[in-house]
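The structure under discussion appears below in the form of structure tokens.
Just so it is clear, none of the values below were taken in a lab; they were calculated from the coordinates. Nothing here was measured: the structure is a model prediction, and the numbers come from that model. As a convention, Cβ positions derive from the backbone with ideal geometry for all residues, glycine included, and neighbour counts pool all protein chains shown.
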Amino acid sequence: MQNHSIDEIIQIIDFGAQYTQLIARRVRECHVYCEIISYRTPAEEIAKRHPKGIILSGGPNSVYDPNAPQADMGIYELGIPILGICYGQQLMSLQLGGKVVPAEKREYGSALLTVIQPYPLYADMPSKLKCWMSHGDNVLEPPPGFEVLAKTDFTPVASMADHTHKFYGVQFHPEVAHTPFGKELMRKFAVNVCGCHQLWTPESFVQESIASIKSQVGDSRVVCGVSGGVDSCTVAALVHAAIGDQLTCIFVDHGLLRMGEAEQVRKDFAEAFGIKLIFVDASERFLAKLRNVTDPEKKRKIIGEEFVRIFEETADNISDAEFLAQGTLYPDVIESGTETAATIKTHHNVGGLPKDMRLKVIEPLRYLFKDETRAVAKELGLPEEIVWRHPFPGPGLAIRIMGEVTAERLNVLRQADDIFISEIRAAGLYSEIWQAYAALAPNLRSVGVMGDERTYACPVILRAVTSEDAMTAHWSRLPYELLEKVSNRIVNEVKGVNRVVYDISSKPPSTIEWE
Ligand code: XMP
């Protein structure tokens, strides 16, 4: 997809930092489009995209590690401004002839930055600034042609610049919230140094996506799977705005949905859009495929494949259907395994796609983060209920049952989940929470007592998290009274459950879903 607002691009070379996506988010928040690329990308490839700027990310390695990732030296010859962050600054120093040494003491946490030379990154800022450090190596001497812009007590070269070539480095992390001026620093780099015009807005995204979907699809027809979540509904609305009746939406009830969800989606969808919707009840088929399957990755692959097969079968009856539109987001793309990011989970809509798929995939939201998708959804006029709906994974309740998925277990889980979510809504907390759900550990049994009877049954796990984009998440500090009420109701109302636990793990090190 070629959009004008993405003609002005900043490329972020990823050296495997946990924070690389945060860098991308901060740049996007400045209304500048950016992409994360592998450190192996050759300079010629980078040059072909004509980026306005390059950012070298942090990374877990020391620049002296035998396998330390390197940037192609050719990037320094492209005449493009470069900002190195943490490992990025150290690598830039080393590659351009500076001196990097292991720090006497690993610096981790808050530090006070003293600005020596404000231009251009610290212009109009105070001379003392709070920043966040996390590094083992230090630049001892910047490369020839560089001057020191800032220092801290432990880091003599906390920031540096070669004004002639527009190369900059920061040892701290401007992308994290603990560096309060960090976003402004990134804006100064993107706008003042690289000359970006801040064109990346929901309006421009919508207009340009519509134009590019039109030209890509031509007279063909598109099928779009909708789940009722904000991502797929936004895709459907966007594609509909582009090609109208050439779009047919398909809603597959895989039998792994929450209580009343299938009916709700049909109703919301019909009310919100008036787009043609084919409803497929495939619950039996999915359950049969999932019989005896306990491995989470297998579940995801089976569900991903089955989804596409059903789309294809349905699309076979729509003449000229050539494309499948999907609501894949940028974090799904990255988390499903880039060069540097390990595969944590195969997201059903990315790694789960069968290799021999007939339909061509279009993914208009492939480069968006969740908050950007919500902004686009609002721009398209989707109802608030859809815009703010909690995310729900494609594989649905299958990855919330730790073990084999059966109709009986689904039934137990649905009831528990429904109690939890309705109580959260009743407490007025729904929109403060990124995502909340119940999970079932059917193979874990514990002893309880109900009435005068001993019980030996399985627990329900409650999970609620706050997050900005699902890349990191904190467990929600739900009021005890709410948890108590939910626990009482679940144990009393849901047969087969005698215990309720609340998950107090954050991401990382845990993930939001249990599987
Ligand atoms: P994790 O568990 O990886 O989840 O921390 C991050 C976010 O992604 C959702 N999720 C998925 N969404 N297909 C999806 O469409 C999937 O296979 C999938 N797995 C996880 C999860 O609900 C959370 O919002």
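With 19 Å as the limit, write out which pairs from K105/K151; K105/K183; K267/K495; K128/K151 have Cα-Cα distances beyond it, or answer none.
Where the Cα-Cα span goes over 19 Å, the pairs concerned are K105/K183; K267/K495.
Here the spin labels are modelled as points 7 Å beyond Cα on the Cα-Cβ line, and at A407 and S110 they lie 5.8 nm apart.
Here is the list for region 424-482: trypsin sites (Lys or Arg not before Pro) lying in DSSP coil, each with at most 10 other C-beta atoms within 10 angstrom of its C-beta, are R477. The fewest-to-most ranking of I362, I310, I116, I85 by surrounding Cβ atoms within 10 Å reads I116, I310, I362, I85. Taking all Cα pairs closer than 8 Å and separated by 6 or more residues, the relative contact order of region 363-508 comes to 21 percent.
Among the chymotrypsin sites (Phe, Trp or Tyr not before Pro) within region 4-60, which fall in a DSSP loop and have no more than 13 other Cβ atoms within 10 Å of their own Cβ?
Numbers: sites: F15, Y19, Y33, Y39; in loops: F15, Y19, Y39.
Answer in residue order: no site qualifies.
Taking 41 Å as R0, compute the FRET efficiency from the Cβ-Cβ separation of K267 and H197 and round it to 0.05. Please report the intermediate quantities before stating the final value.
On the way: r = 42 Å, r/R0 = 1.03.
Step by step, r from the Cβ atoms, then E = 0.45.
Note on K267, K48: ascending count of other Cβ atoms within 10 Å places them as K48, K267, the fewest first. Residues whose amide H lies under 5 Å from that of V157, counting only those 5 or more places away or on a different chain, are V139; hydrogens are built 1.01 Å from N in the peptide plane.
For region 84-101, backbone phi angles converted through the Karplus equation (6.51, -1.76, 1.60; θ = phi - 60°) give residue-by-residue couplings of x, 10, 6, 3, x, 5, 5, 5, 4, 4, 5, 5, 9, x, x, 10, 10, 10 Hz, Gly and Pro being listed as x.
Just subtract the alpha-carbon distance of T511 and H178 from 0.36 nm times their residue separation and send over the number in nm, one decimal. Write out the running numbers ahead of the final one.
Working: separation 333, 0.36 × 333 = 119.88 nm, distance 2.24 nm.
Here the answer is 117.6 nm.
Panel values: region 155-288, Kirkwood radius from alpha carbon pairs, Stokes-Einstein at 4 °C and 1.567 mPa s, translational diffusion coefficient 68 µm²/s.
For the set K298/K378; K188/K214; K214/K378; K48/K507, the pairs lying more than 27 angstrom apart at their alpha carbons are K298/K378; K188/K214; K48/K507. In a DSSP loop and with at most 14 other Cβ atoms within 10 Å, the chymotrypsin sites (Phe, Trp or Tyr not before Pro) in region 62-152 are Y64. Helix content alone sets the calculated 222 nm mean residue ellipticity of the chain: runs of n ≥ 4 DSSP H residues at -39500 (n - 2.57) each, divided across all residues, give -9000 deg cm²/dmol. Taking every Cα-Cα distance in the chain and sorting them into 10 Å bins from zero, the calculated P(r) comes out as 4, 17, 25, 23, 18, 11, 3, 0, 0 percent. Here the Karplus curve 6.51 cos²θ - 1.76 cosθ + 1.60, taken at θ = phi - 60°, turns the phi angles of region 389-395 into couplings of 4, 4, x, 9, x, x, x Hz, with x standing for Gly and Pro.
Summary value for the chain: 11 percent relative contact order, contacts being C-alpha pairs under 8 angstrom separated by 6+ residues. Seen against the Cα atoms of the chain and their longest principal axis, helix 202-217 is set at about 70 degrees.
Measure nothing fancy, just the Cα-based angle from helix 296-316's long axis to the longest principal axis of the chain, in degrees from 0 to 90, nearest 10. Value to nearest ten degrees: 70.
How much length would be gained if the chain were fully extended between N292 and A427, taking 0.36 nm per residue of separation minus their Cα-Cα distance, in nm to one decimal? Walk me through the numbers on the way to the answer.
On the way: separation 135, 0.36 × 135 = 48.60 nm, distance 3.86 nm.
Between N292 and A427, full extension yields an extra 44.7 nm.
Phi-derived couplings, Karplus 6.51 cos²θ - 1.76 cosθ + 1.60 at θ = phi - 60°, listed residue by residue for region 165-179: 8, 6, 9, 10, x, 9, 7, 7, 10, x, 7, 8, 5, 6, 10 Hz, with x used for Gly and Pro.
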